[in-house]
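Down below is the structure, laid out as structure tokens.
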Amino acid sequence: MEKVYKVLIADDHADAREAIREILSTFDTYEIIGEALDGKEAIIMAESLEPDLILMDINMPRMDGLKSTREIKAAFPSIKIIILTVSDDSVHLFEALKEGAQGYLLKNVTPIDWKSYMDAVMEETKSFSKGLVDQTLSTLLGNTAGATRPPLTSREEEVMKLAASGATNKQISTHLHISEYTVKNHLKNIHRKLHVKSRVELTRLAYENRWIES
């Protein structure tokens with residue numbers, strides 16, 4: 001039996017939410033469990049409903065999707081977030097990835113592409129836009145060479161610095177007052193964002209880019 005993923009929609013436009021509901025209603029493996037009308041509501045519902053995936057609009061009142069993504073990923077790193085937008089804007093893509101989003105989906109693509117992309121994000125496999133994401137990350141990493149901060153959320157940066165300095169998951173957990181499970185999820189996201197497969201590679205990258213002092 002296929003796994004059914006719980007989905008939270010975050011979009012302030014009723015027509016957009018209806019369109020998303022119609023698309024997802026054709027997919028047996030995705031179940032909508034809630035709809036948030038702004039970024040602040042998305043944070044509250046993420047905590048209470050514990051979705052597997054959030055489809056997050058960028059432009060919303062009270063708190064936009066990027067800020068909401070940052071807060072949700074800091075508190076619940078295991079939740080996948082796909083940013084929804086009508087514009088293929090590389091600046092938005094940069095920001096979405098920096099805040100912790102797993103993907104970036106144009107609202108006007110076909111339902112088949114929605115399914116392919118969402119499956120790829122949830123199953124952590126290559127997707128049709130993987131090349132765009134890889135190119136964006138490479139550019140972002142290239143722009144941060146020698147910079148004082150890596151392309152990570154604040155919490156991910158804290159975990160990265162501790163891990164690259166030799167701290168164990170338990171030590172990181174104690175130092176940051178978070179669970180070891182949360183530490184592992186943060187490290188998983190860090191490895192994905194920075195395209196590294198081990199702590200050795202992470203440490204080398206951190207020193208090369210002067211994100212931590214030798």
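Side notes on the structure shown:
The rows are residues; the columns are (1) under 18 Å from the mean Cα position of the chain (by Cα); (2) free of Cβ contacts under 8 Å to residues at least 40 places away in the same chain; (3) not assigned by TED's automatic domain parsing to the domain that holds Glu95.
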residue: Ile23; (1), (2), (3): no, no, no
residue: Thr26; (1), (2), (3): no, no, no
residue: Ile33; (1), (2), (3): no, yes, no
residue: Leu49; (1), (2), (3): yes, no, no
residue: Asp57; (1), (2), (3): yes, no, no
residue: Phe76; (1), (2), (3): yes, yes, no
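- Flag for Ile79 being within 17 Å of His13 (Cα to Cα), buried (at least 17 other Cβ atoms within 10 Å of the Cβ), at pLDDT 85 or above and not hydroxyl-bearing (Ser, Thr, Tyr): no
- Filter pass, Lys107 being of a type in the set (Lys, Arg) and touching a strand residue (DSSP E or B) at 6+ places or on another chain (Cβ under 9 Å): yes
- Filter pass, Leu8 being at pLDDT below 90, assigned to a strand (DSSP E or B) and aliphatic (A, V, I, L, M): no
The values are calculated or read from the model by the stated rules, or taken from the named source; none is laboratory data. Because the structure is predicted, anything quoted here is derived from the model rather than measured. Glycine also receives a Cβ, built like all others from the backbone with ideal geometry; neighbour counts cover every protein chain displayed.
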